[in-house]
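Colleague: The structure is given below, and queries will be raised subsequently.
The values are calculated or read from the model by the stated rules, or taken from the named source; none is laboratory data. All of these numbers come straight from a predicted model, not from anything done at the bench. Here the Cβ positions follow ideal geometry from the backbone for every residue, glycine too, while neighbour counts run over all protein chains shown.
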Number of protein chains: 2
Amino acid sequence: MKTALIKILPLFLGGFLFAQPKADSIQFKNISDEILVNSTAYENLRDLTKNIGHRLSGSAAYEKATDWAVQKLKEAGADKVWKEEVMVPVWERGKESLQIKTENGTWKPLNMLSLGNSEGTKGKDVEAEIIFVKNREDFDKLPESQVKGKIVFFNYAFNQKFINTGQAYVDAGIYRRSAASWAGKKGAKAVMIRSLSSAFDDVPHTGAMRYDKDDTAKIPIVAIGAKSAEELEKALKTQKIFAKLNSNCTMKGEKLSHSVIGEITGNKDQSVIVVSGHLDSWDVGEGAHDDGAGIVQSIEVLRTFKKLGIKNNHTIRVVCFANEENGVRGGNQYAENIQKKNEKHIFAIESDGGGFTPRGIALVMSPEKKKEVQSWRNLFLPYGVYHFEYEYAGTDIEPMKKLGVPLAELVPDSQRYFDIHHTSEDTFEKVNRRELLLGAVAMGQLIWMVDENW
Amino acid sequence: MKTALIKILPLFLGGFLFAQPKADSIQFKNISDEILVNSTAYENLRDLTKNIGHRLSGSAAYEKATDWAVQKLKEAGADKVWKEEVMVPVWERGKESLQIKTENGTWKPLNMLSLGNSEGTKGKDVEAEIIFVKNREDFDKLPESQVKGKIVFFNYAFNQKFINTGQAYVDAGIYRRSAASWAGKKGAKAVMIRSLSSAFDDVPHTGAMRYDKDDTAKIPIVAIGAKSAEELEKALKTQKIFAKLNSNCTMKGEKLSHSVIGEITGNKDQSVIVVSGHLDSWDVGEGAHDDGAGIVQSIEVLRTFKKLGIKNNHTIRVVCFANEENGVRGGNQYAENIQKKNEKHIFAIESDGGGFTPRGIALVMSPEKKKEVQSWRNLFLPYGVYHFEYEYAGTDIEPMKKLGVPLAELVPDSQRYFDIHHTSEDTFEKVNRRELLLGAVAMGQLIWMVDENW
């Protein structure tokens, strides 16, 4: 690309842009300039990921992260910072291994991760023939006699045809969540699934599974990389293959933990606007995109309001939720507490789709409110944020839906997220500074509009 | 992020979407599905970058790349493939080094790259005091006496406030292009500039410079990393600093080279639609985003039309241009040839902004044609392509503007491009498979519309 010939016109001179209040667009630019030039979010993320690293609920690292969040919220200029108590489940992985072999072959290790919340083999080898199915339909056709005593392998691939990879994730998600229950009910010894991954590599992805209440056997479930899954399916077409699983993962009850909250007090009233992410992560990688990004972006919004001297009408509150990944206890506790305290909330947004360039904001609110937010679209267009049609909200703020709080979630570009989501590869190096900051810009701008207009 | 709570509505049910012809949207999906599932573009890019690597005009690697392109166009199903002769300048870097020291200190090396087309020091040490200026305005104020015999250091930073980093690149580009001429005219010995980089690291970025016709002295110009530049500016505030440059880069005349062309013949007429990128790259890194991406995307469009059995009305021609980076000879020669042959061209698009998720398509054409393309916007929205308001076209197809050919350029997300543009970091690993493919999807879809309607 050469410089000389590039002519860039002001954005959207015609087409679907129409006039917007000048004062709003000036404030949008102030927020953007402040964040793109002076942000501390990227260095905060480096600090969180490199000096604390992954931080599963119940771990010592998570507790360290709560102290870190208190400190960062104070540095950002919060008027009040506190920890909110919440009981969280304690799940521990421990040592684990998975090997496969042909009938007369030797054991060969596979890259694997037990799924979160799964029971393990209590350190004993569990060995059985692998029975392969492509999907649930095929599995449902199998009689119990063909499943009993076997290790069931689901090779359901991520559907590359979806443009938004979140849709492929939802589509394949049922295998991660429920396959252990399906197979356990038919007497299987364990389950292997293909990782929920948009990349074709051999990196296993963990993530939450759950047992049904009526499960009599809680059988182990593990994920393997997409490449291993393809090779295994191919091999199974011509021969019997056996697997040997040894894992120590288990639930270890509950523990007192904390969400971390910081706010700048409203100048007009004490009703609350929430901007949030979740502080916990899975126990692999560094939890950089998921959801270190959402945490540092939320803190950045508070810092920016303070730095620009914006006289916020309502209280702007950053919530760093505990335990999104395997329980959503932080989110549930928060909704319960505000109900008890009768604390009025006028809006909540979460960033939990990774620190990628923002493309839009998903909305869960009344049709009238939604229409109002969509009427602000043209203010956002110069910042590459154009899409306000998705209808979903952050997992941690969802529990506020029943309280009638208008909810939203930042919608970043989805193409790279599920390459590294819930893996050892979700590291600081995978986050681009400007992409991360633009997410904070979009949230800051939206909160400014909400604070002004609601 | 959990799966259970995500509800994704069909895109743009309301708002700025209105009905589009059903047949078009079906063909859009066919093209998208074919590319996202069966594309060879990503593996082609791996092959080009890993087995050939960087490929500056005039180098042996570039000639190897032309054979590679012929082969890949044949594999993709082109009806005709040929090489088009073009004379290209031969610029060679050779060994180079830059050191700095304080008056009584010792020499310390800096990461550096000579700019493309620059003359070097003919292997001799050129040593002088560094004189620092922030920008052109400051430089213009300096009398000749203060510049003469010095090495001028311009520390003009990439402006982070622009949302589209291409604007920051244009803004800072004049220093790369012209600073050697400004300083040469005042008798300086050499010029150092801060790299045109959106990242704050110590990776130097090369790129084309040019001497003015009236330059009596062609003085060397080199780029240093943004971090080194900041440190150097700081150090210069308190002390004198000297630089020692030794470089061998020089122009070595011209050489016969080739652009590579492949096409599928039109079924209705022989008028031509061009889809293109440039095959050459700078002599560092692997030329992955710039512009291996554009090359494999263009070939992918041809492969997809062939694979889907689309009966194209017009000839669809892939052009892999020679010498974009330091001469645009391929593009100029192509425009000259089609004029000579009186070959009617109805449309040309280039992809030369990196293999990132597409956001739009820039248009250079009559207001009527532009309006027509913009009226197709809603077909593109489900693919994340929404922006048709930029007015620029690929450097290599620009020479066709004077022939009245409607031109376009793919507009990928710009956030990461100038972190790695023209550096050792522009490697295959920096390209995401799905992002790359979606660029090919958008170009294929647009070409389908043009082929049907023009």
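Colleague: Among the residues of the range A:136-158, is any touching a Ser or Thr at 6+ places or on another chain (Cβ under 8 Å) and within 14 Å of another protein chain (Cβ to nearest Cβ)?
Modeller: Yes, that holds for at least one residue.
Colleague: Something else now. Cβ contacts < 8 Å: first residue at the interface with chain B (Cβ under 7 Å from one of its Cβ atoms), restricted to the range A:386-400; second residue assigned to a loop (DSSP other than H, G, I, E, B) and hydroxyl-bearing (Ser, Thr, Tyr), any location; separation 6+ or different chain. Result?
Modeller: Close Cβ pairs (under 8 Å, with a partner that is assigned to a loop (DSSP other than H, G, I, E, B) and hydroxyl-bearing (Ser, Thr, Tyr)) amount to A:TYR386/B:TYR386.
Colleague: Taking the stated definitions as given, is A:ALA199 buried (at least 17 other Cβ atoms within 10 Å of the Cβ) and away from chain B (no Cβ under 14 Å)? Please lay out each step first, then the result.
Modeller: Numbers: buried (at least 17 other Cβ atoms within 10 Å of the Cβ): yes; away from chain B (no Cβ under 14 Å): no.
Criteria not met by A:ALA199.
Colleague: Can you tell me which residues in the range A:107-122 are outside any strand (DSSP E or B) and under 20 Å from A:PHE132 (Cα atoms)?
Modeller: Of the residues in the range A:107-122, the ones outside any strand (DSSP E or B) are A:107, A:110-111, A:115, A:117-122.
Across the range A:107-122, the qualifying residues are A:TRP107, A:LEU110, A:ASN111, A:LEU115.
Residue by residue, here is whether (1) within 28 Å of the chain's Cα centre (by Cα); (2) within 30 Å of B:GLU429 (Cβ to Cβ) holds:
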| position | (1), (2) |
| --- | --- |
| B:ALA60 | yes, yes |
| B:LYS72 | yes, yes |
| B:MET87 | yes, no |
| B:VAL90 | yes, yes |
| B:GLY105 | no, no |
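Colleague: Out of the residues in the range A:346-360 meeting the condition of being away from chain B (no Cβ under 12 Å) and buried (at least 22 other Cβ atoms within 10 Å of the Cβ), tell me which one is nearest to A:ASP413 (Cα to Cα).
Modeller: Initially, the range A:346-360 is screened for residues away from chain B (no Cβ under 12 Å), giving A:346-349.
When the remaining residues are screened for being buried (at least 22 other Cβ atoms within 10 Å of the Cβ), the result is A:347-349.
Values: A:PHE347: 23, A:ALA348: 21, A:ILE349: 17 Å.
Going through the qualifying residues, I end up with A:ILE349.
Colleague: Sticking with this structure for a sec: Looking only at the range B:150-162, decide whether some residue is under 21 Å from B:ALA243 (Cβ atoms), part of a loop (DSSP other than H, G, I, E, B) and either among the small types (Gly, Ala, Ser) or not assigned by TED's automatic domain parsing to the domain that holds B:GLY225 (or both). Steps first, answer last, please.
Modeller: Narrowing the range B:150-162 to residues under 21 Å from B:ALA243 (Cβ atoms): B:150-157.
Now narrow it down to the ones that are part of a loop (DSSP other than H, G, I, E, B): B:150, B:155-157.
Still in the running and either among the small types (Gly, Ala, Ser) or not assigned by TED's automatic domain parsing to the domain that holds B:GLY225 (or both): B:157.
Yes, there is a match, as at least one residue in the range B:150-162 is under 21 Å from B:ALA243 (Cβ atoms), part of a loop (DSSP other than H, G, I, E, B) and either among the small types (Gly, Ala, Ser) or not assigned by TED's automatic domain parsing to the domain that holds B:GLY225 (or both).
Colleague: Another question, if that's okay. Condition check: at the interface with another protein chain (Cβ under 9 Å from one of its Cβ atoms), out of contact with any Asp or Glu (no Cβ under 8 Å at 6 or more places or on another chain) and assigned to a helix (DSSP H, G or I). Does A:TYR169 satisfy that?
Modeller: Values: at the interface with another protein chain (Cβ under 9 Å from one of its Cβ atoms): yes; out of contact with any Asp or Glu (no Cβ under 8 Å at 6 or more places or on another chain): yes; assigned to a helix (DSSP H, G or I): yes.
For A:TYR169, the condition - at the interface with another protein chain (Cβ under 9 Å from one of its Cβ atoms), out of contact with any Asp or Glu (no Cβ under 8 Å at 6 or more places or on another chain) and assigned to a helix (DSSP H, G or I) - is met.
Colleague: I'd like to check something: does the range B:439-452 contain any residue that is more than 14 Å from the chain's Cα centre (by Cα) and under 13 Å from B:ASP290 (Cα atoms)?
Modeller: Looking only at the range B:439-452, we keep the residues that are more than 14 Å from the chain's Cα centre (by Cα), and these are B:439-452.
Then drop every residue that is not under 13 Å from B:ASP290 (Cα atoms), which leaves none.
No, there is no match, as no residue in the range B:439-452 is more than 14 Å from the chain's Cα centre (by Cα) and under 13 Å from B:ASP290 (Cα atoms).
Colleague: A further question on this structure: Hey, could you check the range B:202-214 for residues that are within 13 Å of chain A (Cβ to nearest Cβ) and within 26 Å of B:LYS148 (Cβ to Cβ) and say which is farthest from the chain's Cα centre (by Cα)? Write out each step before concluding.
Modeller: Looking only at the range B:202-214, we keep the residues that are within 13 Å of chain A (Cβ to nearest Cβ), and these are B:205-210.
From the residues that got through so far, the ones that are within 26 Å of B:LYS148 (Cβ to Cβ) too are B:209-210.
Details: B:MET209: 15, B:ARG210: 17 Å.
Checked the range B:202-214; the qualifying residue farthest from the chain's Cα centre (by Cα) is B:ARG210.
Colleague: From the list A:GLN415, A:GLN374, which one is within 13 Å of chain B (Cβ to nearest Cβ), out of contact with any strand residue (DSSP E or B) (no Cβ under 7 Å at 6 or more places or on another chain) and closer than 28 Å to A:ALA223 by Cβ? Let's see the steps before the verdict.
Modeller: Working: A:GLN374 fails: closer than 28 Å to A:ALA223 by Cβ.
Only one candidate passes the filter, namely A:GLN415.
Colleague: Related question: Does B:ASN326 qualify as being closer than 28 Å to B:GLN71 by Cβ, more than 14 Å from chain A (Cβ to nearest Cβ) and either in contact (Cβ under 8 Å) with a residue 24 or more places away in the chain or surrounded by fewer than 24 Cβ atoms within 10 Å (Cβ to Cβ) (or both)? Walk me through it before giving the result.
Modeller: Working: closer than 28 Å to B:GLN71 by Cβ: yes; more than 14 Å from chain A (Cβ to nearest Cβ): no; either in contact (Cβ under 8 Å) with a residue 24 or more places away in the chain or surrounded by fewer than 24 Cβ atoms within 10 Å (Cβ to Cβ) (or both): yes.
Answer is no for this residue.
Colleague: I'm told A:GLY404 meets every condition in (1) touching a helix residue (DSSP H, G or I) at 6+ places or on another chain (Cβ under 8 Å); (2) surrounded by fewer than 21 Cβ atoms within 10 Å (Cβ to Cβ); (3) under 24 Å from A:ALA322 (Cα atoms) except one. Can you identify the failing condition by its number?
Modeller: (1)
Colleague: On the given criteria, is B:GLU119 under 29 Å from B:GLU324 (Cβ atoms), loosely packed, with under 13 Cβ neighbours inside 10 Å and either among the hydrophobic types (A, V, I, L, M, F, W, C) or out of contact with any Phe, Trp or Tyr (no Cβ under 7 Å at 6 or more places or on another chain) (or both)? Outline the logic, then answer.
Modeller: Details: under 29 Å from B:GLU324 (Cβ atoms): yes; loosely packed, with under 13 Cβ neighbours inside 10 Å: no; either among the hydrophobic types (A, V, I, L, M, F, W, C) or out of contact with any Phe, Trp or Tyr (no Cβ under 7 Å at 6 or more places or on another chain) (or both): yes.
When the stated conditions are applied, B:GLU119 does not pass them.
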